[in-house]
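The block underneath contains the structure these notes are about, expressed in structure tokens.
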Amino acid sequence: MSTPAIELKNITKTFGSITANKNVCLTVNSGEILSLLGENGSGKTTLMNMISGIYFPDAGQIFIDGKEAVIRSPKDAFDYKIGMIHQHFKLVDIFTAAENVVLGLKEDGKYNIKEVEKKVAEISSRYGFEISPSKKIYEMSVSEKQTVEIIKVLYRGANILILDEPTAVLTPQETQKLFAVLRKMKEDGKAIVIITHKLHEVLDISDRVSVLRKGEYIGTLNTAETNEAELTEMMVGKKISLDINRSEPENCVDRLKVESLNCIDSDGVKVLSDISFTARGGEILGVAGIAGSGQKELLEAIAGLQKYDSGSIIYSDPKSGKDVNLKNKSPYQIKELGVRLSFVPEDRLGMGLVGNMDITDNMMLRSYRKGRGAFLKRNAPRELAKTIVKDLEVVTPSINTPIRRLSGGNVQKVLVGREISLSPSVLMTAYAVRGLDINSSYLIYNLLNSQKEKGVAVIFVGEDLDVLIDLCDKIMVLSSGAVTGIVDAKTTTKEELGRLMTKNSKGGADSEQ
Amino acid sequence: MLFTIAQFIKAAIIQGIPLLFGSTGEIITEKSGNLNLGIPGIMYVGGISGIIGGYLYEHGNENPVPILCILISLACSLFGSALMSLIYAFLTQTLKANQNVTGLALTTFGIGLGNFFGGSLLKFFNESGSISLINTGLAYKKTLPFAAKLGLFGDTFLSFGFLAYLAVIIAIIASLFLNRTRTGLNLRAIGENPATADAAGINITRYKYISTLVGGMIAGLGGLYFVMDYTAGAWTNNGFGDRGWLAIAIVIFALWKPKSAIWSSFIFGGLYIICVYIPGLSSAAKEIIKMLPYLVTILVLIFISAKKKKEHQPPASLGLSYFREDR
């Protein structure tokens, strides 16, 4: 066999105490398509970022065409003829396709955009892209933007292409077109890596598939010799028991009823598609799904932060027993209606707390409208801040320290503490334990459990399947903005969840675009 | 009547030249994403530095050579405004200070510096009176020799000192540079989306430094034109007025296009002095008419935000610091 285009040997990369990649070995040959498969946080993108020069490995070697390579910047990667197409496009909106392609290049000769446009058209016809070189980026669809990114890489003469979740934003038709282009590039002798978590795509496009799980390299298989079940198992691994005290749900009542919720974002992409579920008081409803499957939009729609196109969200008031429709209400209006809704958003310092204010002031974000007179009453929030610091073991010099100076776990404790102190009847948390150490995580789990025992309807958006299975009572699985299943957490398996998460929802977001 | 109109056009152009220097400089700076509100201060310093240079030369010589008068004051002016721009670039790029605060502080500083030297330069040399550089002023005011022979046309459009033509030439070159060169493309990309430019291998810090420096030096020439040509070598404290802010307003009015800045500057120059040409105005009415340029700028702002046309918007990352770690 000829020398591989890329060979990775024992690559390790850590960020602080978190190991993103541990002794990963991988080979990619010219003229083949390799799928890199793994769950969220399995280290796929980190690994590829080391090849494209965004990160530098802590240990291990990279060989390009058999020679050891040191890649310290994206420019070094260009020099090794490596091009990566990121999930978030790096394009200048008001420039044309050709201008974006030529940006930053130091070519000889006079700068002539007409020549560039001609070359772009040449590349397009060679691989079967459909693009107008003089079209401005802001007038383009997502798929056209992706095409520009690919042409950019090819224009620079890349022989190794890495695509990070290229189909996440594409319609099935666009995906098929992309795959046709990728096959042509493969015939042209290019080495292609596609990062994905969609199993049917792995089976459809790739020659071989390598699997990562929690930063570790699991194995590589020939696509022709494997199947979805085997890949799912490699991807999610065996169940690990976490020992979370889960109490039996008692006196459950319907609290929040979401019916056929549809939402289209500003780019015209359907982010929520016909979502229906009921969150019940006294239960923890888990929400599982690959990142970006609509979790954020769903929670924000309930909280009154995201406009939706159709569907309804009905809250049933535990005191009066009356139903309240939350459609198109602002967070303030929702509160005024007597709906006790607490929301721990994913973006803690962006949406949840103000980084430059201290703990007391952050408590007041929820209560500043209380009281009469011109001056704020600070005693109650100060007491609350003290209680939270004490009960939740927040490590901080004082309650007057700006929040941004606390560590991520402590910030999260302050936020969760504040939201729980409002004695909510619905508590929504998004990735509540992300970045937290084991002890803090368990503290949060116990808090959620005690809320559940008080009869609160808890919605827990999580990423770790082990946690979801051990903590929640029911798990709803989202895929591409649609519900692919609501399962009982006590009887489900990781394999089942993994399958639902990667399922190409029929009649869902993918096929309707 | 025709004569009055011709006089007005000529006066509008003369008023517009400092504004054109200022706005061209600010456009080049803003295209890199740096919102340099220090431009009024930089223009002040450009003026006073030229005065200082010219004074030191004229003061020591019995018979100053016109060309040396020009070269020395020009070099001093460029040096002064470059130094001011460097302060801005260092604070905002290297130390990542807030651009608005830095710019406003720089304007206050520049005006203070100008007035300090304007008030005390003569005292350093034990002279009294006010600064008046007759020889340097005359050298700057020298017009094209054939202008006088062309009658009203020559008087209206060709009877300016060389800096006036330089202003127009610089604006045209700036336009070609931004739209027709690789470097211009890279510079615009930084102002629009620095993360993308960074990923494309463009050295953001270097581009931002250089564009701020060059932009500031061009703007400084506006101050120099004012003190050397407009007032013929005489300095009065605060004489430059609010022309620096007008230059920044023109950047918006011209939709960040140097070519449009040319006619915009002349329109603003005209609006600035039109009160003189309307007979029988009270002084209060004059002040109201002087506000017209700002009013027009606000209307343009309303217009561009209502139209939402992407090409008419300011550079997308204008005023923001770029941290590579954020990407």
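The values are calculated or read from the model by the stated rules, or taken from the named source; none is laboratory data. These numbers come from a predicted model, not from an experiment. Neighbour counts run over all protein chains shown; Cβ positions are idealised from the backbone, glycine included. Remember, those area values only see protein heavy atoms, side chains included, never the ligands or the DNA or RNA. Shrake-Rupley method; radii C 1.70, N 1.55, O 1.52, S 1.80 Å.
Show me the helices (runs of 4 or more DSSP H) found entirely inside segment B:141-208 where at least 1 residues are open to solvent by 60 Å² or more (accessible area, probe 1.4 Å) and not basic (Lys, Arg).
On the way: elements: B:162-180, B:182-192, B:194-199.
Correct list: B:162-180, B:182-192.
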Exercise for the section: Return yes or no: is residue B:220 within 14 Å of chain A (Cβ to nearest Cβ) and not β-branched (Val, Ile, Thr)? Expected result: no
Practice task
Enumerate the strands (runs of 3 or more DSSP E) found wholly within segment A:127-228, keeping only those where 3 or more residues are assigned by TED's automatic domain parsing to the domain that holds residue A:49 and open to solvent by 50 Å² or more (accessible area, probe 1.4 Å).
Solution key: A:216-222
Exercise for the section: For segment A:58-70, indicate whether the set of residues that are open to solvent by less than 40 Å² (accessible area, probe 1.4 Å) and within 12 Å of chain B (Cβ to nearest Cβ) is non-empty. Expected result: no
Handout entry: Sole residue being closer than 29 Å to residue A:152 by Cβ, among the hydrophobic types (A, V, I, L, M, F, W, C) and away from every other protein chain (no Cβ under 14 Å), chosen from B:248, B:210, B:204
Key = B:210
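Assigned to a strand (DSSP E or B), free of Cβ contacts under 8 Å to residues at least 24 places away in the same chain and not assigned by TED's automatic domain parsing to the domain that holds residue A:199: is that true of residue A:324 in this structure?
On the way: assigned to a strand (DSSP E or B): yes; free of Cβ contacts under 8 Å to residues at least 24 places away in the same chain: yes; not assigned by TED's automatic domain parsing to the domain that holds residue A:199: yes.
Against the criterion (assigned to a strand (DSSP E or B), free of Cβ contacts under 8 Å to residues at least 24 places away in the same chain and not assigned by TED's automatic domain parsing to the domain that holds residue A:199), residue A:324 qualifies.
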Handout entry: Considering residues of segment B:291-312 that are more than 14 Å from every other protein chain (Cβ to nearest Cβ) and of a type in the set (Val, Ile, Thr) only, the residue surrounded by the most Cβ atoms within 10 Å (Cβ to Cβ)
Key = B:297
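Can you go through B:158, B:178 and tell me which one is within 21 Å of residue B:259 (Cα to Cα) and within 14 Å of chain A (Cβ to nearest Cβ)? Show your work before the answer.
Details: B:158 fails: within 14 Å of chain A (Cβ to nearest Cβ).
After applying the criteria, what remains is B:178.
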Problem - Any hit, segment A:113-125, residues being more than 28 Å from residue A:49 (Cβ to Cβ) and facing chain B (nearest Cβ under 9 Å) - result: yes
Handout entry: Among (1) within 10 Å of chain B (Cβ to nearest Cβ); (2) within 29 Å of residue A:289 (Cα to Cα), the one test that residue A:46 misses
Key = (1)
Practice task
Could you tell me which residue of segment B:37-83 is most open to solvent (accessible area, probe 1.4 Å), considering only residues that are among the polar types (S, T, N, Q) and part of a loop (DSSP other than H, G, I, E, B)?
Solution key: B:63
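Among the residues of segment A:226-269, which ones are acidic (Asp, Glu) and in contact with a helix residue (DSSP H, G or I) (Cβ under 9 Å, 6 or more places away or on another chain)?
First, pick out the residues of segment A:226-269 that are acidic (Asp, Glu): A:228, A:230, A:233, A:243, A:248, A:250, A:254, A:259, A:265, A:267.
Listed by number, the residues that qualify are A:228, A:233, A:243, A:250, A:265, A:267.
Condition check ((1) modelled with pLDDT under 90; (2) in contact with a Cys (Cβ under 8 Å, 6 or more places away or on another chain); (3) over 30 Å from residue B:309 (Cβ atoms)) across all residues:
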residue	(1), (2), (3)
A:130	yes, no, no
A:142	yes, no, no
A:173	yes, no, yes
A:192	no, no, yes
A:197	yes, no, yes
A:208	no, no, yes
Exercise for the section: Can you give me the number of residues within segment B:6-36 that are open to solvent by less than 10 Å² (accessible area, probe 1.4 Å) and part of a loop (DSSP other than H, G, I, E, B)? Expected result: 4
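Mind checking which residues of segment A:288-321 are hydrophobic (A, V, I, L, M, F, W, C) and more than 30 Å from residue A:165 (Cβ to Cβ)?
Narrowing segment A:288-321 to residues hydrophobic (A, V, I, L, M, F, W, C): A:288, A:290-291, A:298-299, A:301-303, A:305, A:313-314.
Hit for segment A:288-321 is A:314, nothing else.
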Problem - Failed condition for residue B:122, given (1) part of a helix (DSSP H, G or I); (2) touching a helix residue (DSSP H, G or I) at 6+ places or on another chain (Cβ under 8 Å); (3) away from chain A (no Cβ under 14 Å) - result: (2)
Handout entry: Where a residue in segment B:74-96 is under 16 Å from residue B:53 (Cα atoms) and its partner, wherever it lies, is surrounded by fewer than 24 Cβ atoms within 10 Å (Cβ to Cβ), with Cβ under 7 Å and at least six apart
Key = B:76/B:52; B:78/B:217; B:81/B:217; B:82/B:213; B:82/B:217
Practice task
Would you check which residues across segment A:333-373 are in a loop (DSSP other than H, G, I, E, B) and either aliphatic (A, V, I, L, M) or open to solvent by less than 40 Å² (accessible area, probe 1.4 Å) (or both) and list them?
Solution key: A:337, A:338, A:339, A:345, A:353, A:354, A:355, A:357, A:365, A:367
Exercise for the section: Working only within segment B:254-287, note down all residues that are open to solvent by 30 Å² or more (accessible area, probe 1.4 Å), within 15 Å of the chain's Cα centre (by Cα) and of a type in the set (Phe, Trp, Tyr). Expected result: B:263, B:266
Practice task
Please go through segment A:459-490 and pick out each residue that is more than 19 Å from the chain's Cα centre (by Cα), of a type in the set (A, V, I, L, M, F, W, C) and surrounded by fewer than 24 Cβ atoms within 10 Å (Cβ to Cβ).
Solution key: A:486, A:487, A:489
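To keep it simple, each residue is scored yes or no on (1) surrounded by 15 or more Cβ atoms within 10 Å (Cβ to Cβ); (2) of a type in the set (A, V, I, L, M, F, W, C).
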site	(1), (2)
A:388	yes, yes
A:396	yes, no
A:399	yes, yes
A:403	yes, yes
A:407	yes, no
A:411	yes, yes
A:419	yes, no
A:423	no, no
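Restricted to segment B:84-100, and to residues that are among the aliphatic types (A, V, I, L, M) and at pLDDT below 95, which residue is most open to solvent (accessible area, probe 1.4 Å)? Walk me through how you get there before you give the answer.
Of the residues in segment B:84-100, the ones among the aliphatic types (A, V, I, L, M) are B:84, B:86-87, B:89, B:91, B:95, B:97.
Remaining after also requiring at pLDDT below 95: B:95, B:97.
Numbers: B:95: 101, B:97: 28 Å².
So, considering only residues that are among the aliphatic types (A, V, I, L, M) and at pLDDT below 95, the one most open to solvent (accessible area, probe 1.4 Å) is B:95.
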Handout entry: Residue list for segment A:95-112, filter: more than 8 Å from chain B (Cβ to nearest Cβ), over 29 Å from the mean Cα position of the chain (by Cα) and assigned to a helix (DSSP H, G or I)
Key = A:98
Problem - residue B:136 vs. criteria of a type in the set (Val, Ile, Thr) and buried (at least 24 other Cβ atoms within 10 Å of the Cβ) - result: yes
Exercise for the section: Within segment B:178-199, work out how many residues are in contact (Cβ under 8 Å) with a residue 12 or more places away in the chain and in contact with a Gly (Cβ under 7 Å, 6 or more places away or on another chain). Expected result: 5
Practice task
Among the residues of segment A:79-94, count how many are at the interface with chain B (Cβ under 7 Å from one of its Cβ atoms) and either within 23 Å of residue A:190 (Cα to Cα) or open to solvent by less than 40 Å² (accessible area, probe 1.4 Å) (or both).
Solution key: 4
